[in-house]
Amino acid sequence: MTKIVTAVYASKDTLKNVHDDLISTGIPLEKIRTDQEKLQVQVMSPESDANEIIEILNRHNPTHLRS
């Protein structure tokens with residue numbers, strides 16, 4: 001089953017760093033969506049990988065995280 005994890009950040013710089021971190025970890029680009037206006041990133045992953053995604057997102061101190 002696919003799970004979408006969503007995180008909101010305080011700045012565009014942090015959003016870019018999160019995106020780069022996800023890519024460097026091996027998350028496929030087509031599984032990552034960013035919204036510059038909402039300062040939000042969404043990652044689609046199998047439910048089994050959700051904890052790893054959440055760990056990566058938490059490294060960047062999100063203002064809100066929903067899984």
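The values are calculated or read from the model by the stated rules, or taken from the named source; none is laboratory data. These numbers come from a predicted model, not from an experiment. What goes into the accessible areas is simple: the full protein's heavy atoms, side chains included, and nothing from ligands, DNA or RNA. Shrake-Rupley method; radii C 1.70, N 1.55, O 1.52, S 1.80 Å.
Things to note:
- With 5 Å bins from 0: P(r) over the chain, alpha-carbon pairs, percent: 4, 20, 35, 28, 12, 2, 0
- Full-extension gain in nm, residue 21 to residue 44, via 0.36 nm per residue minus C-alpha separation: 6.8 nm
- Between 0 and 90°, nearest 10: helix 12-25 axis offset from the chain longest Cα axis: 30 degrees
- Surface composition of the chain: carbon plus sulfur atoms hold 46% of the accessible area, using a 1.4 angstrom probe and ignoring ligands, DNA and RNA.
- Normalised contact order of the chain, rounded percent, pairs of Cα under 8 Å and 6 or more residues apart: 53 percent
- Rolling a 1.4 Å probe across the protein heavy atoms gives the chain an accessible surface of 64 Å² per residue.
- Lysine pairs in the stretch 1-62 with Cα atoms under 17 Å, if 8 or more residues apart or on separate chains: 4
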